[in-house]
Amino acid sequence: MVEHGDIRVVHRGGSKINFREPVLSHDSRLLLCASGECVKVFSSSTEECVHDLQGHTDLVTGVLLNPSNHLQAYSCSADGTVRLWDFTDGILIKVQLHCHHVSVQPLSVSVFSLLMCMCVTLTRLLSSSQGEYIASAKGLHLEVYFFKKQKFSLKEDNKKGAKNTFTCLSCHPKDDCIATGHEDGKIRLWRNFNHKREYTYSTLHWHHSAVSSVRFTPEGTNLLSGGVESVLVQWRYNQETQKDFLPRLGAAITHIAVSPDGELFCTAHSDNKLTVIQSCVKVSAVIQGLVKGESVRTDLMVDPRSKALVLNGKPGHLQFYSLQRDKQLYNLDIVQQEYIHESGLQQFEVVKAAFDTRGNWLATVEERKQKDSTLELNLKLWAYDEQTQSFVLNTTVSGPHEARITAMCFCHTADSQTTMLVSASQDGHFKAWQLESNHYFYEGPFWSCDFVGAYHSLVPECCCFSADGSLLAISFQEVVTVWSPASWELLTTLSQPPGAIRDLCFGRQSCSKYLLGTTAKNLLCCWNLLTCTLEWSTSMDVSLLLSDPLSENMAAFCSHAGCTDLFVFKPSEPRPLFSHKAICSGKVTRAVFAPREEMLESCEESSQWLNRSQLYFLTQYMVNIPLVIDDSVAVTPFYLLLGKHRQQQQEKQDRSFSAERNQLPQGSVAIKELLHTPAHVLPSASFLCSMFVRSLLISEKKSEEEEMESDKEEESECEMEASTMGQGQTAEAQETAAPALTKAQARELRRVKKLDHSWLSSLLDS
Amino acid sequence: MASFKPTKIQVYPKLGEKVTQDTLYWKNYKAPVQIKEFGAVTNIDFSPVAPHNYAVTAFTRIHIYGPFSQEPVKSFTRFKDTAYCGRFRSDGQLLVAGCEDSVVRLFDVSGKVALRMFKGHTKAVRVTDFTSDRYHILTGSDDYTCRLWDIPNSTELTSYQEHTDYIRCGITSKLNRDLFITGSYDHTLKLFDARVNKSVMTMDHGQPVESLLLYPSEGLLVSAGGRYVKVWDLLKGGQPLVSLKNHHKTVTCLCLSSNGQRLLSASLDRHVKVYNTTNYKVVHNFDYAASILSLGLAPDDESIVVGMTNGILSIKHRKSSEETKEISGQQKRRPAYRVFVKGKNYVPKQDDYLVSKPVKQHLAKYDKQLKRFNVSKALDTALETWTRFRKPEITVAVIKELDRRGTLKNALAGRDERGLSQLLNFLVGNLVDPRFAPVLVPATEMILDIYQSVIGQSPVVDVQLQRLQDLLEREIGYQQDLLEVLGMLDTMFTSSLPRKEVPCSGISRPNGLAQGDASLTVL
């Protein structure tokens, strides 16, 4: 009953949620934000994602509540459409095609009595609540467009070369007052601008660098502002000397939103975070997406315990990110120092991290390089604490090496008694660190250096333990050295063919006698460690080589003419298991095999390698394609039951747009609704059950329309049967491969289809 | 919402002194009780019977102290001249003492007047002891003779004239009534047997012998003389086993801990050293104020009594286990803490509604100032006298934190003469410390950059700068010397190490690191 589609690359979340200003619903219970190609609806109290409003085919560039109906919201996108949604139920209501020209990208949308504005290059755009004017700011100009009159422009004089470029603006809801934020940290309140050249402004100054967002509360009594200091400042309107502060919000504030009743504030932060703040200036909820720093300096890793993806997060932190739920689980503070929000300051950065096989130990390296001073390095080892379910700092080694650490890895031995960590550094040494039980000075076990090794004072670049932990391979520029960790004896050196080693990897399971390496001369080499000879080599520019920890497969990403190809192979077999040309544009910088929660049982040869784990990779242009996944599509019996409904409904919906996106197979909207709605929003089980039973009883006494619909369904079902009986090549190629159903089964299936729809839709309507 | 993260103070392990079981054992004594005697305390002897009083011989008196009293329970003052070597008999009833006037006196511990007077020596008697049968007394004198006396008849039994110099120490066997050993300034130890009227064994210590000690098994003999402590195996005919040279002045007395596992030696260099008797390594060390002449250890190591040349008797009592606990308990019962934990142990009842209170973060003063970005004030706080001298790592950590924040220059600038001199004083004290140098060297450079325009205006600052310059010149000299030594060592290692012909010879180790496992502990 299981069938497979092609292996595809799927964008798997991690999109920015701080790209545009979030929107709070009228009752402050829901929070809408643009996230990549969809609009996400969060609950403001539980931080859970309630809906994904999917439909846009490009980046969503703005979300706004419908002023005439507070249960609806508009969203605009770079695909040139504006869509109207019912966001409480997650239903698309209307699509308006505004720009047929693709290059026009609406950057922000402002609505007054269904007026849509699209601006191409304006930085900010806002209309006053009375609808008399629209203000926009660009560069050093603030422009006010009156609907009744003509355009009016206010110019900020720039005599002294002060940095007073406009960064943001907000209109007072009642008074004729526009608040603008500036690059130099000042806030100006403009008044009296409807008469020519008689405008006045007053200045507020607290921020030390650019103000990134200003916002008036709906009543106009307060003005909120935020910037890189990550402090939310609340100014009293007309009493500007009184300020309230909410400090330590974690990262620079990029947007501020206020709920229409003024109860809640929401701030978007530069670390992809939304903070919901009560109006008494108290944080009530934090919604955290995948944090993307400037670069992922630690490799992508999978925590063996939580199966979460681990990478650099906020400065000085490691983030644990759930791949299944597209949600950050927690942040681990590695540096444990106060973060100073100031540009141009050299901060400690986590540059390397490694887990041991069981997830009991985490090793991290942080470094800070100031100009004209020595490099500060810290190696930290964290033990997993069962009680608190998190990592606790065990040992800090300050200055473990004299220069940058190039590679670090744990030994993969099954018995955790003898855990070993090897770090290689640019100072020409590699060190082995081992857990020691006790010492006169320290309580409990701690890590200490066990061995310092070097080879001809060359710089070690990569290190790798064999699967059973009996061998350690370290590459010193062009030479691969193989050591025995038990005796620290140099067993052999491999240096053919010449070329600096870029990546080194041992085979797993049945291929553990092979050692694979990639060289700077575009060669992928495989050495047989039993004979210490080169088994095979092939010429390809491998940018990244990694092995699947659960199988003997290896994946190699080859950058080739601006795009990247993926090859999956076994070291023992000459033919690759799978290859995919041009999997993405640009270079793949990081990748990881993540184990699946449930093993797939695929028989097809080309997709078997994905049975146990999924391959995730990060590309060079992280902003555009943050995280992608290779996935094989499984067709389940559930799909056979419910997939039909979806197709029908899609046809109905396909009035104005075509579903170009390759969506995952899902059930009918109703079922999907039921399954995707969080349990806390659903009515009680007893209520559902009685409804379900009732729907079973009255199934034959339906309204005329439903009868018709079910007839239609029966017809289509018959068609399908005919096609399956006749073994013909119908359009639905996927269904043909399914085993033919017996008559009785088919009848049962039809009945089930009729049933589920009615009771659930009645529930949804209620 | 994250809270303020306080400045991380680097923890540096104390180098040198290791905390071992021995350290814990020998440190578990209270602060010493000091009693002023009339003259140098030459001998301390513990009574073998409970309550283990001890006799302290000092100048012309012998005082007997109880185990916990600071006043003598008994005094023997009937000496014409300086008394020596007051010792108890094994039943604790009798006490014998020598004297400068060559008369040996025997006292009843409960009485006052001497029971017997043994006259016969011609010079000061420095050594007295009872034999194990309790009826004889051994004496050793500056007239080079040692004699045995019979207590009941108060007559001299034998006289041995084998030593050629003063006899300053002697000990009787506890197992055999006829055996005794004497040590003399003629560098020899002699074992005598009362049955044969002459010495049966002679050992050469090499230095004037000051003290003797027999192990409980009496197979081993320990002698102290000069700077040496030597152990002899009597069963192998007086073969020397170990020679210890851990003191830098004459070792004056020896003592064995109650379980026989540790040997204590006291010296004129004001130290008492504790040795492990299996490997004869020093496991602990006590410091005293003056040169030590006598040392006594109560049974079960309950107290250590030390007599010094300046007449001070220092008594350390062992802490009982309750007392050890009490001290920590006392700290907990401080009023401030009591206020702090008020109501913390209240167990909520079933229907109580718990209102959680936000935990208040306690920050150090400099952290509070750093939180408010008052960088100069934070540096001032970190430079306060107590912190500067007692916890320089705090000052260094604050300087490091300021450097990380990029505001070190602001914090260092704008100081008056006093502040600058304080800062320079700290730098002079800690700049060359290898743990602090990476942080302090850039800070020093910054100070010199900031204040170079005002050099020469204040004599106080100029003096400090001069000190700083001298310090750096000295340090540069040391570094050069060390590099030279390193070069020499490298040459020696390369010439002495055989060149391996296996492919492993690629492991090059500069600076003389050993070829094998070079372990590096986390420091």
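Structure summary
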item: Number of positions in segment A:326-348 that are away from chain B (no Cβ under 11 Å), touching a Lys or Arg at 6+ places or on another chain (Cβ under 8 Å) and within 17 Å of A:Lys380 (Cα to Cα); result: 1
item: Subset of segment A:457-471 [within 14 Å of chain B (Cβ to nearest Cβ) and touching a Ser or Thr at 6+ places or on another chain (Cβ under 9 Å)]; result: A:Ser457, A:Val459, A:Pro460
item: Selection count, segment A:343-358, where residues are touching a strand residue (DSSP E or B) at 6+ places or on another chain (Cβ under 6 Å), open to solvent by less than 30 Å² (accessible area, probe 1.4 Å) and not hydrophobic (A, V, I, L, M, F, W, C); result: 1
item: Some residue of segment A:485-493 being within 14 Å of chain B (Cβ to nearest Cβ) and surrounded by 20 or more Cβ atoms within 10 Å (Cβ to Cβ); result: yes
item: Candidate set: segment B:152-172, residues that are open to solvent by less than 20 Å² (accessible area, probe 1.4 Å) and in contact (Cβ under 8 Å) with a residue 40 or more places away in the chain; chosen: the one nearest to B:Pro48 (Cα to Cα); result: B:Thr172
item: Some residue of segment A:365-385 being among the basic types (Lys, Arg), within 13 Å of chain B (Cβ to nearest Cβ), open to solvent by 40 Å² or more (accessible area, probe 1.4 Å) and more than 24 Å from the chain's Cα centre (by Cα); result: yes
item: Residue in segment B:311-323 that is at pLDDT 85 or above and hydroxyl-bearing (Ser, Thr, Tyr) present; result: yes
item: Flag if B:Thr128 is out of contact with any helix residue (DSSP H, G or I) (no Cβ under 7 Å at 6 or more places or on another chain), open to solvent by 40 Å² or more (accessible area, probe 1.4 Å) and not charged (D, E, K, R); result: no
item: All positions within segment A:445-474 that are part of a loop (DSSP other than H, G, I, E, B) and free of Cβ contacts under 8 Å to residues at least 40 places away in the same chain; result: A:Tyr455, A:His456, A:Ser457, A:Leu458, A:Ser470
item: Which listed residue, of A:Asp450, A:Asp503, is within 13 Å of chain B (Cβ to nearest Cβ) and among the acidic types (Asp, Glu); result: A:Asp450
item: Total residues in segment A:499-548, condition under 27 Å from A:Cys563 (Cβ atoms) and assigned to a loop (DSSP other than H, G, I, E, B); result: 8
item: Checking B:Leu379 against (1) open to solvent by less than 20 Å² (accessible area, probe 1.4 Å); (2) within 14 Å of another protein chain (Cβ to nearest Cβ), the condition it does not meet; result: (2)
item: Entirely in segment A:190-256, the strands (runs of 3 or more DSSP E) that have 3 or more residues that are touching a residue at least 40 places away in the same chain (Cβ under 8 Å) and either open to solvent by 40 Å² or more (accessible area, probe 1.4 Å) or of a type outside the set (Phe, Trp, Tyr) (or both); result: A:211-216, A:222-227
item: Within segment B:412-452, considering residues that are open to solvent by less than 20 Å² (accessible area, probe 1.4 Å) and not in a helix (DSSP H, G or I), the one nearest to the other protein chains (Cβ to nearest Cβ); result: B:Phe436
item: Given (1) closer than 21 Å to A:Asn611 by Cβ; (2) open to solvent by 20 Å² or more (accessible area, probe 1.4 Å); (3) not aromatic (Phe, Trp, Tyr), number of the condition A:Glu535 does not satisfy; result: (1)
item: Given (1) open to solvent by 40 Å² or more (accessible area, probe 1.4 Å); (2) modelled with pLDDT of 90 or more; (3) closer than 21 Å to A:Pro445 by Cβ, number of the condition A:Gln389 does not satisfy; result: (2)
item: Residue ranges of strands (runs of 3 or more DSSP E) in segment B:189-266 with at least 3 members under 19 Å from B:Thr42 (Cβ atoms) and not β-branched (Val, Ile, Thr); result: B:209-214, B:220-225, B:251-256
item: Lone qualifier among A:Asp271, A:Asp244 - being within 30 Å of A:Pro67 (Cβ to Cβ), acidic (Asp, Glu) and not assigned by the TED database to the domain that holds A:Phe355; result: A:Asp244
item: Only listed residue being closer than 19 Å to A:His412 by Cα and surrounded by fewer than 19 Cβ atoms within 10 Å (Cβ to Cβ), chosen from A:Arg297, A:Arg325, A:Arg305; result: A:Arg305
item: Some residue of segment A:316-324 being farther than 26 Å from A:Pro445 by Cβ, modelled with pLDDT under 85 and within 12 Å of chain B (Cβ to nearest Cβ); result: no
item: Test: A:Cys525 is open to solvent by less than 60 Å² (accessible area, probe 1.4 Å) and at pLDDT below 85; result: no
item: Test: residue in segment B:453-466 that is open to solvent by less than 60 Å² (accessible area, probe 1.4 Å), within 14 Å of chain A (Cβ to nearest Cβ) and in a helix (DSSP H, G or I); result: no
item: Residue in segment B:64-83 that is of a type outside the set (Lys, Arg), in a helix (DSSP H, G or I) and loosely packed, with under 14 Cβ neighbours inside 10 Å present; result: no
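Yes/no per residue for (1) more than 24 Å from the chain's Cα centre (by Cα); (2) within 14 Å of another protein chain (Cβ to nearest Cβ):
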residue: A:Tyr237; (1), (2): yes, no
residue: A:Gln242; (1), (2): yes, no
residue: A:Leu249; (1), (2): no, yes
residue: A:Ile256; (1), (2): no, no
residue: A:Ser259; (1), (2): yes, no
residue: A:His269; (1), (2): no, yes
residue: A:Asn272; (1), (2): no, no
residue: A:Thr275; (1), (2): no, yes
residue: A:Gln278; (1), (2): yes, yes
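The values are calculated or read from the model by the stated rules, or taken from the named source; none is laboratory data. The shown structure was predicted, so the numbers you read here are calculated from the model rather than taken from an experiment. Methodologically, a virtual Cβ is constructed for each residue, glycine included, from the backbone with ideal geometry; neighbour enumeration extends over all protein chains shown. Side chains included, ligands, DNA and RNA excluded: accessible areas come from the protein's heavy atoms. Shrake-Rupley method; radii C 1.70, N 1.55, O 1.52, S 1.80 Å.
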